[in-house]
Amino acid sequence: MALQLPSEARPTWYDFGQLVAYCGLSLDRGPGSTVEEQWELVNLASAVFELFKQWGFIDADEVLNGMTDHETTARDGRKHILRAFIMLVARLYRRRNSPGGIEALGDTGPVYISRRDPDIAMLLGLGEYTRPAVG
């Protein structure tokens, strides 16, 4: 992999190579190989990371003390949060090429990107996947 980002910009909480692969990109050549595209992915991931901290999926104290990385997250049984993180960043990256929410034009008309992603909601326990609570 030809990662072109400077070392201080490289993420530690998630595996950047895994994110690039999930987006269907390649760091070696073609889409995903330019510094601009890599920065766009890192910036999207930073925004989602802040959102996950705000929602409480990531412990802000661990992040501030440098204790959170993708190895620790996977070991601690939080693989589902890491997977949802990667899926959401990839979805937002794909969305940038679909103005107005139109993904493609087919024989029957436009194909729209769904507003909801049940896979991400299930992994994070949001919406209808929230555990029942009393009190």
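Key figures for this structure:
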quantity	calculated
Length added when fully stretched, residue 26-residue 134, from 0.36 nm per residue minus Cα-Cα	34.2 nm
Where 83, 94 fall by accessible area, highest first, once all protein chains stay in place (1.4 Å)	94, 83
Segment residue 97-residue 12, length gained on full extension (0.36 nm per residue, minus Cα span)	27.9 nm
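The values are calculated or read from the model by the stated rules, or taken from the named source; none is laboratory data. Remember, predicted model here, so these are calculated numbers, not experimental data. With ligands, DNA and RNA removed, areas are computed over all heavy atoms of the protein, side chains included. Shrake-Rupley method; radii C 1.70, N 1.55, O 1.52, S 1.80 Å.
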